[in-house]
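Every number in this text was worked out from the coordinates using simple rules, so none of it is lab data. Fair warning: this is a prediction, and the values are worked out from it, not measured in the lab. Every residue, glycine among them, receives a Cβ derived from its backbone with ideal geometry; neighbour counts consider all protein chains shown.
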Amino acid sequence: MAWSDLPGLATILDLLCPPRCGFCGADVAEGRPGGGLSCEPCAAAFSRDVTRCGLCGEPAEGDGGCRRCRGRRRDWDGLAVLSSYGDDVREQVLRAKRPAGEAVAAALAGLLVRKHRESFADWRIDVVAPVPMHWRRRLARGTSAADQLAAAVARGLGLPMRRLLRRRRATPMQNELPFEDRRGNVRAAFRATRRVAGLRVLLVDDVATTGATLAECRGTLVEAGAAAVYAAVIARADRGSGTDPFR
């Protein structure tokens, strides 16, 4: 038994060191199912979003349908998005990318789990996996936001987190390229680290724009035997929004 599991000890620790919001630092009355801590104002601000298609993640039409998905091959089996890539969310995503951003990453992941817990349950996920960063870029940054987010999502869902993919090469940053070149940039850029025969995988990353990176990761996992590959991101940069982050 861990010390934190002893009756009453958690209450004493909360009194001595009150849990704080990972975004603004305000005291939080109680933890949230799914991992990281966030106060209600921050949770509302960073979870605010349009209604989205659960398959492609694009804003849904008035009737809840999605013109993009009708009769077309999809790049994944479902996509969960916390919010649009607006200025406030962009700031938190950038904070999560820094070496000291673990609390922010955990808070973002906690909100993602809180918002989409029913979808995650419906998807019957077996394992959570981060979109991998090349080792040289990770060494330069000192951390991987996708790893931090995936670990927190896995904790919130009570599932294992495994690094199922590895980058074969250091590709140019996606935001340095025109949209039409991004799929080619990541083509054959990943390899599976193990067989995943029959598993239902949840890929986790921070931001999606064209979805090219997620699509290539999904194809690699399917080739390795995955039965289904879903994706979850903190933010989606919608077409025509004027934002262009990292994927």
Fill in: Long-range amide H partners of PHE190 with built H, under 5 Å
ARG168
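Kirkwood hydrodynamic radius, region 89-136, all distinct C-alpha pairs: what's the number in Å? Please list the in-between numbers first.
Values: mean 1/r = 0.0799 Å⁻¹.
About 12.5 Å, per the Kirkwood formula over Cα pairs.
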Response to the item:
With label points set 7 Å from each Cα along the Cα-to-Cβ direction at GLU91 and ARG168, the distance between them in nm comes to 4.1 nm
Fill in: Inter-part distance where region 87-105 and region 213-228 are each reduced to a Cα centre, Å
27 Å
Item to complete: Could you check the simple spin-label distance between ALA197 and ALA140, using points 7 Å along Cα→Cβ, in nm with one decimal?
Response: 4.0 nm
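Averaging over all projection directions, find the projected area of the Cα convex hull of region 108-158 and quote it in nm² with one decimal place. The partial results should precede the final answer.
Values: hull surface 14.9 nm².
Mean projected area for region 108-158: 3.7 nm², to one decimal.
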Discussion item. Quick check: from the Cα gyration tensor, does region 73-114 come out rounded (a/c under 1.5), prolate or oblate?
Written reply: prolate
